[in-house]
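Worksheet: one structure, shown below.
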Amino acid sequence: MSMYPTLKPGQFIVLDTWIYQDRAPQPDDVVVFQRGNKGLRLVKRVALWPDGKLQHEGLWYVLGDNQGASHDSRYFGGIHTEQLAGQVKLVLLTIDHQHQLLSDDTLRMVR
């Protein structure tokens with residue numbers, strides 16, 4: 001729910017895992033990154049730091065679109081470039097809580 005309404009529970013997403021080999025993350029990029037040593041991956045949006053900077057001591061500031069339900073850089077600080085798995089490009093398909101395919105949210109670009 002941290003990225004609602006951009007992304008919803010049950011959605012399968014497609015990542016560009018090469019994009020940050022050639023360029024730095026930009027504000028509004030929706031990214032997947034590793035958090036902690038248990039391999040937990042989170043999805044958040046790159047944002048400016050509260051002081052208006054994009055990078056702060058080499059770290060990226062990430063926020064969930066649904067900030068009331070998001071555990072993000074406001075709580076754990078910035079993330080390193082090495083933690084980035086890629087940029088979210090596409091919602092491939094959506095499955096509801098009853099494991100039914102929802103056709104209205106298939107193959108949608110993520111912005």
Practice item. Note down the nm distance, to one decimal, between modelled labels 7 Å out along Cα→Cβ at Q67 and at D51. Key: 1.9
Exercise for review: Return a single number: how many Lys pairs in the chain, at a sequence separation of 8 or more or on separate chains, have alpha-carbon atoms below 22 angstrom apart.
Suggested key: 4
**Study point:** Global form of the range 1-47, assessed from the alpha-carbon gyration tensor, a/c cut-off 1.5
**Key:** oblate
Point to revise | Gyration tensor (alpha-carbon) shape descriptor, the range 1-82, a/c threshold 1.5 | key: rounded
Practice item. Please compute the net charge surrounding R23, taking Lys and Arg as +1 and Asp and Glu as -1 over other residues with Cβ under 13 Å from its Cβ. Key: -3
Review point. Just Q11, Q83, Q21 to compare: in a GNM of the chain, with alpha carbon springs under 10 Å, which one fluctuates most?
Key: Q21
Review point. What is the dipole size for the chain, taken about its Cα centre, with +1 at each Lys and Arg Cβ and -1 at each Asp and Glu Cβ, in debye to the nearest 20?
Key: 140
Revision key, fill the gap. If unit charges are put on Cβ atoms (+1 for Lys and Arg, -1 for Asp and Glu) and the dipole of the chain is taken about its Cα centre, the option from I79, G39, M109 lying farthest towards the positive end turns out to be G39
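The numbers here are math on the coordinates, done by the rules we state, and not lab data. Values in this document were obtained by computation on a predicted structure and should not be read as measured data. Ideal geometry is used to build each Cβ from the backbone, glycine not excepted, and the neighbour counts take in all protein chains shown.
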